[in-house]
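Notes follow once the structure below has been shown.
The values are calculated or read from the model by the stated rules, or taken from the named source; none is laboratory data. Keep in mind that what you see is a predicted model, and the values were worked out from it rather than measured. Every residue, glycine as well, gets a Cβ built from its backbone with ideal geometry; the counts of neighbours run over all protein chains shown.
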Amino acid sequence: MGIRFESVTVAYDGTVVLDGFDLTVEPGEVMALLGPSGSGKTTALRAVAGFVRPASGRVHLAGRDVTDLPPHQRGIGMVVQSYALFPHLRVEDNVAFGLRARRLPKAEVRERVREALEMVGMADFARRHPRELSGGQQQRVALARALAIRPGVLLLDEPLSALDARLRSGMLAELARLHRELPDVSILYVTHDQHEALTLADRIAVMDRARLRACGTARELYRAPADTFTASFVGGANLLPVTVEEHGAHFAGRRLALGAGAARAVPGPRATLCVRPHLIGLGDGPNPLPGTVREVQWRGAGHRLYVDVDGHRVMADLAELRDPPALGSPVTVHFAPEDAVLLPAGDDDD
């Protein structure tokens, strides 16, 4: 079952919180809605669930217009960050709740509950109450409850944000496994955590200020971002203001060579050059940029250097340095011409 947003706009008390949203999620696809708080991610999810009604536009599931249908007629499962389990019900009864509301036969309810709990690794906890479970276990139960109704669409709203780092990593692996086992279920996954989006999603929709900024695979968004917001939000980036000329650009009084990755035309002479931190090298090389070390961070497997180049901060992610440069010391960083992407200047002020 696929999902299609058709120019969906949602407003609360005259304030637009989702603006002309167009997006298609293919059957069996995991689509992550990625963006900062207030960007419209959860509103888009709630529009699919039927919890908010668009001021304009339509929502389609499996090619059917469901804009006017109540939530219980849409055939979706939903998991939120707060788990939303009934504390007085045992695990098996929490999972069975939606099935009983649909008045399925008791034997079928038992079988589906067993199947869903086994799928999330919680079959041995069926008789426990939520208070007897860890946060990660409670989230597994919430996921089992959503899966028990065999939804064509699964909506996940920041499902891991309340978990600690270790549990979050484990649940990410579980969600990836479930996706492989449920190839026909479309998943819309709301998160502000780019690691979650990069790990799980087939494609990522980047949102900001109630609008869709870009949509593509993680590789596409990382290697060829559509704008400076996408570049900075997906993976982090050095965004250098440049003046464009034929076959190159000027930055801080230096001419830079550009490769095919920066070859797309941009209007006017001003633009922004995007270079990912892990593509910045230390020492002499192509496109050298002399500067001063302002900060050195050790990150276990490597170092991140912050270098001031004529008032512009340049980040370099390097393999672990045996003798990292001291703060205030002069260094030269560099990048290959083919590792730069040219973006329009000022696109975040739209």
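Going through (1) surrounded by 21 or more Cβ atoms within 10 Å (Cβ to Cβ); (2) part of a strand (DSSP E or B); (3) of a type outside the set (D, E, K, R) one by one, residue 94 falls short only on (2). For region 82-91, a residue qualifies if it is surrounded by 12 or more Cβ atoms within 10 Å (Cβ to Cβ) and either in a loop (DSSP other than H, G, I, E, B) or at pLDDT below 90 (or both), and the qualifying residues are 82, 83, 84, 85, 86, 89, 90.
Evaluate region 255-262: report whether one residue or more is among the charged types (D, E, K, R) and either within 24 Å of residue 36 (Cα to Cα) or in contact (Cβ under 8 Å) with a residue 24 or more places away in the chain (or both). No.
Scanning region 50-64 for residues that are of a type outside the set (Phe, Trp, Tyr) and either surrounded by 14 or more Cβ atoms within 10 Å (Cβ to Cβ) or over 10 Å from residue 3 (Cα atoms) (or both) gives 50, 52, 53, 54, 55, 56, 57, 58, 59, 60, 61, 62.
The set of residues in region 311-325 being at pLDDT 95 or above and exposed (fewer than 14 other Cβ atoms within 10 Å of the Cβ) is empty. Surrounded by fewer than 24 Cβ atoms within 10 Å (Cβ to Cβ), of a type in the set (Asp, Glu) and on the phi > 0 side of the Ramachandran plot - does that describe any residue in region 14-31? Among the residues of region 14-31, not one is surrounded by fewer than 24 Cβ atoms within 10 Å (Cβ to Cβ), of a type in the set (Asp, Glu) and on the phi > 0 side of the Ramachandran plot, which makes the answer no.
Looking at region 102-137 only, could you name the residues that are more than 33 Å from the chain's Cα centre (by Cα) and among the small types (Gly, Ala, Ser)? The answer is 107, and nothing else. Among the conditions (1) outside the structural domain of residue 38 (by TED's automatic domain parsing); (2) at pLDDT below 90, residue 166 misses just one, which is (1).
If you check residue 15 against the conditions, is it in the same structural domain as residue 131 (by TED's automatic domain parsing), over 20 Å from residue 182 (Cα atoms) and at pLDDT below 95? Yes: the conditions hold for residue 15.
Checking the conditions here, which among 294, 270 is under 29 Å from residue 211 (Cα atoms), of a type outside the set (Val, Ile, Thr) and more than 29 Å from the chain's Cα centre (by Cα)?
Result of the check over 294, 270: 270.
When 231, 148 are checked against the criterion of being outside the structural domain of residue 88 (by TED's automatic domain parsing), crowded, with 23+ Cβ neighbours inside 10 Å and of a type in the set (Gly, Ala, Ser), 231 stands alone in meeting it.
crowded, with 20+ Cβ neighbours inside 10 Å and assigned to a helix (DSSP H, G or I), is that true of residue 79? Show your work before the answer.
Details: crowded, with 20+ Cβ neighbours inside 10 Å: yes; assigned to a helix (DSSP H, G or I): no.
Answer is no for this residue.
Remark: residue 308 falls outside the filter, which requires a residue to be touching a strand residue (DSSP E or B) at 6+ places or on another chain (Cβ under 8 Å) and exposed (fewer than 14 other Cβ atoms within 10 Å of the Cβ).
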